[in-house]
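The values are calculated or read from the model by the stated rules, or taken from the named source; none is laboratory data. These numbers come from a predicted model, not from an experiment. So basically every Cβ, Gly included, is an ideal-geometry build from the backbone, and we count neighbours across all protein chains shown.
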Amino acid sequence: MELVAPIANRSFESIKVKRSNNETLEFNAQDKIVAATTDYFKLVPYKWIVGNPNTALKNNNEVILTGSRAKQYFPDADLKSLLGKTIQYDDQLLTVTGVVADLDYPSSFVDKEFIRVKPNPQEAENWENSSSNFHVYVKLTENGQPSQVIALATKKFQEMVGEKFKQHNITAGYELAPLTDLHFNKFILNGSDKQVLFGLIGIAVFLLILASINYINLTTARVPARAREIGIRKTLGEQPRHLTRSFIKETFLPVYLGCYSPGHWSRYLNLPLVHIFQKI
């Protein structure tokens, strides 16, 4: 293994930031806060605005912020001047030791604040439990084998809680999921099944084709009437480009209107859709 980067979701009831004018800002129920290690910043290619990635999260009293979260806490301060600033997480005082730029592309790594993972698992709360709040990212070497990682994880598990789980007839196993398949792994929380997704796409394409065929049939059936209309309009002096523009509008206007949700039109019609559904 080249590196191992565990992360754990954290939550705090209150986060207090003391600004330069002695004003204290309080934030409640902040999300996207995780505990991580130095290897996490070797795994995710953040651009460091200030701070040293090689010594990040070496101490328990450190916190690293993304640029957007730093602006939220210190809106008037220069990001490069935030080193040494303190933030109070409940009853714990942490020092800002780095600021990284937010990723400028869609990513699964969306966290905004990083504190240190406790190095000794027994010091953490509920350390023998497993839930979606805990993830471990493993970067394999060129010759690394997933089976070796699974074997090491199983061995460590047996050392830590094997006897305790055995008393309750609980068995646990490990499985590696490629990062590229993270959103399609049904064993991970909120993971989607590719087969279901492709099935829904197929249904959507079928309905689109069916609607197109119906539209073509209806348009074709009106050809004789439209031919007389076109003849009359040309006789009255309408230019061909105006006719073309008119037909394009007639084609795309229903599509444009269909892009709006029914709720959009209910505001103009003064028909609450919720009430209609309840009556039905």
Can you name the number of the only condition in (1) at pLDDT below 85; (2) in the same structural domain as N54 (by TED's automatic domain parsing) that P75 fails?
(1)
Of the criteria (1) touching a Pro at 6+ places or on another chain (Cβ under 7 Å); (2) modelled with pLDDT of 80 or more; (3) not small (G, A, S), which one L273 fails:
(2)
Is there a residue in region 12-19 that is in contact (Cβ under 8 Å) with a residue 12 or more places away in the chain, buried (at least 16 other Cβ atoms within 10 Å of the Cβ), within 13 Å of D111 (Cβ to Cβ) and not basic (K, R)?
no
Under the condition of being charged (D, E, K, R) and within 18 Å of the chain's Cα centre (by Cα), which residue from region 151-187 is farthest from L140 (Cα to Cα)?
K186
From the list I64, I49, I33, pick out the single residue that is in contact (Cβ under 8 Å) with a residue 40 or more places away in the chain and more than 18 Å from A8 (Cβ to Cβ).
I49
Search region 42-89 for residues being within 26 Å of Y137 (Cβ to Cβ) and of a type in the set (G, A, S), and hand back the single one that is surrounded by the fewest Cβ atoms within 10 Å (Cβ to Cβ).
S68
Please determine, by comparing only the residues of region 1-30 that are in contact with a Lys or Arg (Cβ under 8 Å, 6 or more places away or on another chain) and among the charged types (D, E, K, R), which one is farthest from T86 (Cα to Cα).
E2
Please state which one of S68, S20 is in a loop (DSSP other than H, G, I, E, B) and small (G, A, S).
S20
Does V50 fit the bill of being over 25 Å from the mean Cα position of the chain (by Cα) and modelled with pLDDT of 90 or more?
yes
Can you tell me which residue among K85, K58, K80 is of a type in the set (D, E, K, R) and either under 16 Å from V17 (Cβ atoms) or at pLDDT 90 or above (or both)?
K85
Within region 137-172, track down each residue that is within 25 Å of A36 (Cβ to Cβ) and in contact with a helix residue (DSSP H, G or I) (Cβ under 8 Å, 6 or more places away or on another chain).
Y137, V138, K139, L140, M160, A172
Of the residues L25, L94, which is modelled with pLDDT under 90 and of a type outside the set (D, E)?
L25
Could you count how many residues in region 219-255 are surrounded by 10 or more Cβ atoms within 10 Å (Cβ to Cβ) and either in contact with a Phe, Trp or Tyr (Cβ under 6 Å, 6 or more places away or on another chain) or in a loop (DSSP other than H, G, I, E, B) (or both)?
3
